[in-house]
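Enquirer: One structure coming up, written as structure tokens, with questions to follow.
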Amino acid sequence: MRAFLAVSTAPQAAERLRRPVEAALACLADDDVSVARVDEAPDGWVAFTDADDTDLPGPPGGAFTVVLSRMLRTRDTDLSTADLVAMLDGGPGLTEVLPPFAAAHRERPGGPITVANDWLGFRQLFWWRGEGVAAVSTSARALAALSGAGLDRDGLGTQAMMGWQIHDQTIFEGVRAFPPATIATLEGGALRLRQYAEPVSQDGPAPALEDAVAEMADILVRWQSGYLEAHPESVLQLTGGHDSRILLGATPQKQRQGMRALTLGAETSPDVVIAARLARRYGIRHEVYRLDEHAPPSPEHAHALSLVAAKGLECLGSPMALAPLLTVEARLDQGHRLSGLGGEVARGFYYAGQPVGAQTAPALVDRLARWRLFSNESVEAAALDRDFHAAAQEHTHKTLAELFPAGDWLRATDQFYLYHRMHRWSAAHGTFAGVRRHFVNPMFDRRFIELALAVAPADKRDSLLLGRLMSRLDPELARIPLDTGLVPARLGRRSVATRMTVAAATARKAAGKVRQRLTNARKPQLGAAEVSALVLAHWRAEPSACAALYDSPVVDRQWLDGLLKGEHGAAATTVAFLVNLIVVADERK
């Protein structure tokens, strides 16, 4: 089931909330999914979109168990929906289920409703409380429509600074994201949240590097071999990077022959060139999908795609990053897709330029924010109301300072990137994918992440851990250069030559960051710049399409006038932010 909304009311709840709210129901539907059923009762109501084959929707008003993601598997076996009932009752076993995962359950008519997410909170869920009423949903927009509340200026400010959300923030007042590993219980107009697992801990002595590598390799091989045996039609998203290379290395040789893989990009891009070379070498059936394979959409259609993308991300991420993929994904099989995404926690790429042995301090958080977190996806300051921009900077810096745990600075960055960047930034896009296909990422195995975090930062820096892991999985594959030109086998050794090569690559990245900061440039995602240019062309031809922006108190009207007159352009990150504002305004009409 793709979308879900449950509302519980007490006698003092507002009368309008006791019945289905049409504006909230509208937020659950999209082009190919509709609200199939709404169960009403004296103490609340529940809305379901079309059930999948795995759901147990039960009779109207009765018991139900529905899965709110496609993936439903532990390391060794697929689960049935019926298997979830005992897990949702107390939480045991939920840490073994691979993210993204979420489910909702009611044991009997009139009984409490239980909703749970995965241990990382990668499948995004949201909650809201009001006077005598509480609600949970897969849609933050639906809860905002239900509550009738306005925009959360702090959450909106964070999104303007970073392009995504941190902690439990959304851009909607009173609407919050589920924390990781949460079981929510709705009953009698009240909501109770409890954690079924503690965050992955880094306490205790670091394991020996070789011991960690051995166990991590075993986990990945068990995942890849077991999943491909159960689902031989699975497709590996193969690039020129490290993470997908590791998943290929974890695939036994006999299962590589005839295995399906896909790569997105131009024929001459490093991703496509390297992936094609690997495919030929191992007998993989390789498909390449190009964003420029077909004629670009019209400006009007690009604008429409951006609105669909914004809604799919609940206006909590960049629609410009998703919109270019929508037409491509419409042509792709949405079955079982294997992808590597958790490697950044094991790679510690964000260690570059960070001091070794330092303790968490406000100055370090501030530097990381300015150097990395604000550099790629922030909105241009000129586009924003001056007071709003100043308040956004102050609030976001303050919130970030509170989120980084005390202690070793590099370990603190590990925690932040896992439980905020991965949990909120990656998860916004991962959730969109995870309800449309089996989004399979073995690097989200909880024990794999535990080991990746437990390894000493010095053993992760410069991809030492991942280089060693790649060499253990497949020494031959580890000797083939990545898209960066670096060789995994060499990264796994502490040789002078390797140090010099990594230092040169790091210096090039650092120089790029310096140029980016000096020019206030943003780093758009694949295809984002092209789509944003088309969207802007549509706005200039049809100003009514973005007229709602003039009513937004956070947008500088003089800047907007200049944009529509063609006096200046706008970065893709800025267009993304404005598209989200348009969607919110349209849904509040």
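Enquirer: Which of the residues that make up region 332-386 are of a type outside the set (Lys, Arg), under 30 Å from ALA570 (Cβ atoms) and over 21 Å from the mean Cα position of the chain (by Cα)?
Expert: Hits for region 332-386 are ALA352, GLY353, VAL365, ASP366, TRP371, GLU380, ALA381, ALA382, ALA383, LEU384, ASP385.
Enquirer: For region 518-568, which residues satisfy the criterion of being at pLDDT 95 or above, surrounded by 13 or more Cβ atoms within 10 Å (Cβ to Cβ) and not in a helix (DSSP H, G or I)?
Expert: Correct list: GLU542, SER552, VAL554, VAL555, ASP556.
A quick yes/no check of all residues on (1) at pLDDT 95 or above; (2) within 30 Å of GLN253 (Cα to Cα):
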site	(1), (2)
GLN415	no, no
HIS420	no, no
TRP425	no, no
ALA433	no, yes
ARG468	yes, yes
ARG479	yes, yes
GLY485	no, yes
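Enquirer: Same structure, new question: Among THR77, THR65, THR54, THR81, which is the only one that is of a type in the set (Val, Ile, Thr), more than 21 Å from the chain's Cα centre (by Cα) and farther than 29 Å from LEU220 by Cα?
Expert: THR65
Enquirer: Right, here's the next one. In region 33-54, what count of residues is obtained for those that are in a strand (DSSP E or B), free of Cβ contacts under 8 Å to residues at least 60 places away in the same chain and not basic (Lys, Arg)?
Expert: Of the residues in that region, 10 qualify.
Enquirer: Which condition breaks for VAL356 when tested against (1) of a type in the set (A, V, I, L, M); (2) modelled with pLDDT under 95; (3) in contact with a His (Cβ under 9 Å, 6 or more places away or on another chain)?
Expert: Answer for VAL356: the failing condition is (3).
Enquirer: Could you please give the count of residues in region 266-293 that are of a type in the set (Gly, Ala, Ser) and touching a strand residue (DSSP E or B) at 6+ places or on another chain (Cβ under 7 Å)?
Expert: Qualifying residue count for the region: 3.
Enquirer: Oh, and also: In region 18-73, which residues are closer than 18 Å to SER147 by Cβ, surrounded by 19 or more Cβ atoms within 10 Å (Cβ to Cβ) and small (Gly, Ala, Ser)?
Expert: ALA24, GLY44, ALA47
Enquirer: Within region 74-84, can you find the residues that are hydrophobic (A, V, I, L, M, F, W, C) and surrounded by fewer than 16 Cβ atoms within 10 Å (Cβ to Cβ)?
Expert: Once the filter is applied, which keeps residues that are hydrophobic (A, V, I, L, M, F, W, C) and surrounded by fewer than 16 Cβ atoms within 10 Å (Cβ to Cβ), region 74-84 yields only ALA82.
Enquirer: Here is a further query. State whether one or more residues within region 101-114 are crowded, with 16+ Cβ neighbours inside 10 Å and among the basic types (Lys, Arg).
Expert: Scanning region 101-114, I find at least one residue that is crowded, with 16+ Cβ neighbours inside 10 Å and among the basic types (Lys, Arg), so the answer is yes.
Enquirer: Another one. With the condition being of a type in the set (A, V, I, L, M, F, W, C), I'd like the helices (runs of 4 or more DSSP H) fully within region 402-489 carrying at least 3 qualifying residues.
Expert: 409-416, 427-434, 446-454, 464-473
The values are calculated or read from the model by the stated rules, or taken from the named source; none is laboratory data. What you are looking at is a predicted structure, and each value in this text was computed from that prediction instead of being measured. Ideal geometry is used to build each Cβ from the backbone, glycine not excepted, and the neighbour counts take in all protein chains shown.
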